[in-house]
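The values are calculated or read from the model by the stated rules, or taken from the named source; none is laboratory data. Worth saying up front: this structure is predicted, and the values here are computed from it rather than measured. Reconstructed Cβ throughout: ideal geometry from the backbone, glycine too, with neighbour counts over all protein chains shown. Remember, those area values only see protein heavy atoms, side chains included, never the ligands or the DNA or RNA. Shrake-Rupley method; radii C 1.70, N 1.55, O 1.52, S 1.80 Å.
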Amino acid sequence: MSDMAPIHAAPMMDTLCPMHLMLNDTGHIVHMGPAFDKILGGKSVIGLRFLELFELKRPSINQTMEALLGLATAKLHLQLRAAPRTEMKGVLVPIPENTGVGPSGGAVINLSFGISVVDAVHDFSLTSADFAVTDLAIEMLYLVEAKSAAMEASRKLNQRLQGAKIAAEEQAFTDTLTGLKNRRAMDYILNRLIASETDFVLMNLDLDYFKTVNDTLGHAAGDYVLQNVARIMVEETRSNDTIIRTGGDEFVLIFAELRSTEATAELACRLIDRLEQPMRFQGQPCRISGSIGATLSSFYAKPTQERMMEDADTALYAAKHAGRGQHRLHDPTATKPARP
Amino acid sequence: MHGMINRAVERFVRDTYGRDQWLKATEAVDLGFAEFEAMLVYDAALTDQILNELGDMLGKDRANLLEDVGTYLVSHPNTEAIRRLLRFGGVDFHDFLHSLDDLPERARLAVPDLHLPAMELREHRKAFFSLTVRSGGLRMLGFGHVVMGLLRAMADDYGALVLLEHKGTRDRSEILEIHLADASFAEGRDFDLSARAAV
């Protein structure tokens, strides 16, 4: 055994590889790099067998010095036997015989934290001085933090964009004057109802005398009336019904899961009644009414949006023709009447 | 101009003078939005306009305003991440000064489209340095003053005593003179390599 011989290579190795261990021919530790002071909490492991300090995870071999020497230059996966059981990677190089570099028949093992470096600097309170000057560990720690900060900024941006997108979509489906849904929303809802084969009632409603209000009392009065009309329609319908303003004084109402012609007629009557109750704008009475044409999806073997809109329009036209403030239901048995 | 830089100016104003002051400035230049996004890129003219407005509003010339931004970035708790990233550059202030040459490259590793001005440190004699800040490409006048504020705060952070002077602009480059009077003048602030320990 040459344990007593001076290890000439030690100072050089301490600078180049602060995390190295030097073993003698029996596999006992004779010198450790300065970083091990912190890793082992100040405990000296000189005289301890290397394989008592570390477990060799891969490659799997007999845990003897002879077998270890057989793994020269291979990549070793090691784990500290003591807590926090840090995983390290390492490489072993045999010490050349009789060179004075270190104990003959022994070996140098250089170790690195590998990917667990982020945990290791925390667990062992490491500083830059514990790494070789050429080691990229500090740059890696820098990069981990820099990337986390950049990711955080990106994540915040994504969150804000998501919020803006939801708000924009909401707006795109909404008529800004009345808060009712718009034509885009109507296409979307009708498509969905038809695709899911849900029965519904489609009601077209045109205001009567609205033009008169606008012409005599001005646009502010007109806007006021439209907002009032929107409120009345919201009050007279259920929350899962949809009210759409398709044009100036034109509305479409969709009643999901409604199949009864009586209930539809009743609804239409009630809506017209409410619309006819006088409203006042700045002391001036605004008198309007409404005409309604409706059709039921249950009238059709295969309802389509175009066909139902057309039939509801035809019924609406008939209602208007019968005088204002009337409602008509599409008659599925009648042949299509020619429009004048 | 990278949103990171605009955002830094914004955070400085909001954290130092309050949100209202910032909103007043954004309205005065008709920005059309209240907050810069760090990860978007903006027209360089916007940065110039907002800096002009802030200078008028706060009664500071451009140089002082930018130097304050630089100091803020290192010393305010809300921007602790930046202080930490800079501290990775060196174990002491001298070491840190020599890392400035790599600073734009380091920034680009984190945010690939963030182009900071190239910097070149020269040690003329022991403890006397000059730093050339090639801010011409940034199209923002006076980035060297941001660096001045940053260096001043970093010196405090390391506990070093430094004397700094902005020597003006020549050929679209700014020259800073740095005299490191005492590298270990004061205790300095702790720096733990582990981000978890720092929180």
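Brief remarks on what is shown
Rundown of residues vs (1) surrounded by 13 or more Cβ atoms within 10 Å (Cβ to Cβ); (2) among the β-branched types (Val, Ile, Thr), yes/no style:
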{"position": "A:His20", "(1), (2)": "yes, no"}
{"position": "A:Leu23", "(1), (2)": "yes, no"}
{"position": "A:Thr26", "(1), (2)": "yes, yes"}
{"position": "A:Met65", "(1), (2)": "yes, no"}
{"position": "A:Leu69", "(1), (2)": "yes, no"}
{"position": "A:Leu78", "(1), (2)": "yes, no"}
{"position": "A:Arg81", "(1), (2)": "no, no"}
{"position": "A:Thr86", "(1), (2)": "yes, yes"}
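- Taken over the stretch B:129-167, the criterion of being open to solvent by 20 Å² or more (accessible area, probe 1.4 Å), modelled with pLDDT under 95 and among the aliphatic types (A, V, I, L, M) is satisfied by B:Leu138, B:Leu141.
- Of the criteria (1) open to solvent by 20 Å² or more (accessible area, probe 1.4 Å); (2) over 15 Å from the mean Cα position of the chain (by Cα), which one B:Ala118 fails: (2)
- Condition met for A:Met186 (open to solvent by less than 50 Å² (accessible area, probe 1.4 Å), modelled with pLDDT of 90 or more and assigned to a helix (DSSP H, G or I)): yes
- Pair list, Cβ < 7 Å and 6+ apart or interchain, from the stretch B:127-149 residues that are in contact (Cβ under 8 Å) with a residue 60 or more places away in the chain to residues that are assigned to a loop (DSSP other than H, G, I, E, B): B:Leu138/B:Pro117; B:Met140/B:Met1; B:Phe143/B:Pro117
- Which numbered condition A:Asp175 fails, given (1) within 14 Å of chain B (Cβ to nearest Cβ); (2) at pLDDT below 90; (3) surrounded by 17 or more Cβ atoms within 10 Å (Cβ to Cβ): (1)
- Subset tally (residues that are at the interface with chain B (Cβ under 9 Å from one of its Cβ atoms) and open to solvent by 40 Å² or more (accessible area, probe 1.4 Å)) for the stretch A:129-148: 6
- Odd one out for B:Met119 among (1) more than 14 Å from chain A (Cβ to nearest Cβ); (2) within 19 Å of B:Gly144 (Cα to Cα); (3) out of contact with any Leu (no Cβ under 8 Å at 6 or more places or on another chain): (3)
- Some residue of the stretch B:100-113 being open to solvent by less than 20 Å² (accessible area, probe 1.4 Å), over 13 Å from the mean Cα position of the chain (by Cα), in the same structural domain as B:Arg152 (by TED's automatic domain parsing) and closer than 30 Å to B:Asp30 by Cβ: yes
- Checking each residue in the stretch A:158-172 for being farther than 23 Å from A:Leu190 by Cβ and open to solvent by 90 Å² or more (accessible area, probe 1.4 Å) picks out A:Asn158, A:Gln159, A:Arg160, A:Leu161, A:Gln162, A:Lys165.
- Residue that is nearest to the other protein chains (Cβ to nearest Cβ), among those in the stretch B:36-64 that are over 22 Å from B:Gly137 (Cβ atoms) and of a type in the set (A, V, I, L, M): B:Leu54
- Sole residue being of a type in the set (D, E, K, R) and touching a residue at least 60 places away in the same chain (Cβ under 8 Å), chosen from B:Asp171, B:Asp157, B:Asp192: B:Asp157
Yes/no matrix, rows are residues, columns are (1) closer than 22 Å to A:Glu306 by Cβ; (2) in the same structural domain as A:Ala319 (by TED's automatic domain parsing); (3) in contact (Cβ under 8 Å) with a residue 60 or more places away in the chain; (4) within 29 Å of the chain's Cα centre (by Cα):
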| residue | (1), (2), (3), (4) |
| --- | --- |
| A:Ala172 | no, no, no, yes |
| A:Leu177 | no, no, yes, no |
| A:Tyr188 | yes, yes, no, yes |
| A:Ile194 | yes, yes, yes, no |
| A:Asp199 | yes, yes, yes, no |
| A:Leu205 | yes, yes, yes, no |
| A:Lys211 | no, yes, no, no |
| A:Asp215 | no, yes, no, no |
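- Looking only at the stretch A:110-126, and only at residues there that are within 30 Å of the chain's Cα centre (by Cα) and not charged (D, E, K, R), the one that is nearest to the other protein chains (Cβ to nearest Cβ): A:Val118
- Those helices (runs of 4 or more DSSP H) of the stretch A:1-56 in which at least 1 residues are basic (Lys, Arg) and in contact (Cβ under 8 Å) with a residue 60 or more places away in the chain, considering only elements entirely within it, cover A:35-39.
- Of all residues in the stretch A:96-121, those that are assigned by TED's automatic domain parsing to the domain that holds A:Gly70 have Cβ atoms under 6 Å from Cβ atoms of residues that are among the hydroxyl-bearing types (Ser, Thr, Tyr), 6 or more apart or on another chain, in A:Glu97/A:Ser104; A:Asn98/A:Ser104; A:Pro103/A:Ser2; A:Ser104/A:Ser2; A:Ala120/A:Thr86; A:Val121/B:Ser194.
- Cβ separations smaller than 9 Å between residues 6+ apart or across chains give no pair from the stretch A:145-169 residues that are more than 14 Å from B:Gly3 (Cβ to Cβ) and among the hydroxyl-bearing types (Ser, Thr, Tyr) to residues that are modelled with pLDDT of 90 or more and outside any helix (DSSP H, G or I).
- Flag for A:Leu92 being at the interface with chain B (Cβ under 10 Å from one of its Cβ atoms) and outside any loop (DSSP other than H, G, I, E, B): no
- Pick from the stretch B:65-93, criterion part of a helix (DSSP H, G or I) and surrounded by fewer than 16 Cβ atoms within 10 Å (Cβ to Cβ), ranking: farthest from the other protein chains (Cβ to nearest Cβ): B:Pro77
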